[in-house]
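The values are calculated or read from the model by the stated rules, or taken from the named source; none is laboratory data. Bear in mind the structure is a predicted one, so any value in this text is a computation, not a measurement. Ideal geometry is used to build each Cβ from the backbone, glycine not excepted, and the neighbour counts take in all protein chains shown.
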Amino acid sequence: MGRAVRETRRPVLLFLALALLPAMTIGVRADDEPVFRIEFRDGKVTPQRLEVPAKTRFKLELHNLGQEPAEFESKELRKEKVLAPGASSTLVIRTLDPGEYDFFDDFHLDAPPAVLIAK
């Protein structure tokens, strides 16, 4: 009876291991993504030019260090994120073709746009 129970458990354990494998690899992959910091301070965006890897998933850490709200916006990337004063957030960029992608603070349109440069 012990052998029959062991043989019945094997397929169940194999199924569970295979079912959990994609979840484990996704978790590892997410930790390997490059992270880049962008700061907003009352109309000023730092850095003005940011080089990022092309054809690679990465994260943008957005930090509003100012006293006014800020909004990361990029029409080319189809991304936007509003940040209250003192707030931080993260955007995941799936992949970019090589090129330049403008972004700006939508609450401070008088400031020059910044650019992501995918290489």
Do we find that Thr56 is modelled with pLDDT under 95, loosely packed, with under 15 Cβ neighbours inside 10 Å and under 29 Å from Asp32 (Cβ atoms) in this structure? no
Name the residues in the stretch 32-49 that are assigned to a loop (DSSP other than H, G, I, E, B) and more than 12 Å from the chain's Cα centre (by Cα), would you? Asp42, Gly43, Pro47, Gln48
Candidates Phe72, Phe107, filtered to the one that is of a type in the set (Phe, Trp, Tyr), surrounded by 13 or more Cβ atoms within 10 Å (Cβ to Cβ) and part of a loop (DSSP other than H, G, I, E, B): Phe107
Within the stretch 51-87, which residues are closer than 10 Å to Phe40 by Cβ and small (Gly, Ala, Ser)? Gly66, Ala70, Ala87
Does Glu61 meet the test of being in a strand (DSSP E or B), within 14 Å of Pro34 (Cα to Cα) and of a type in the set (D, E, K, R)? yes
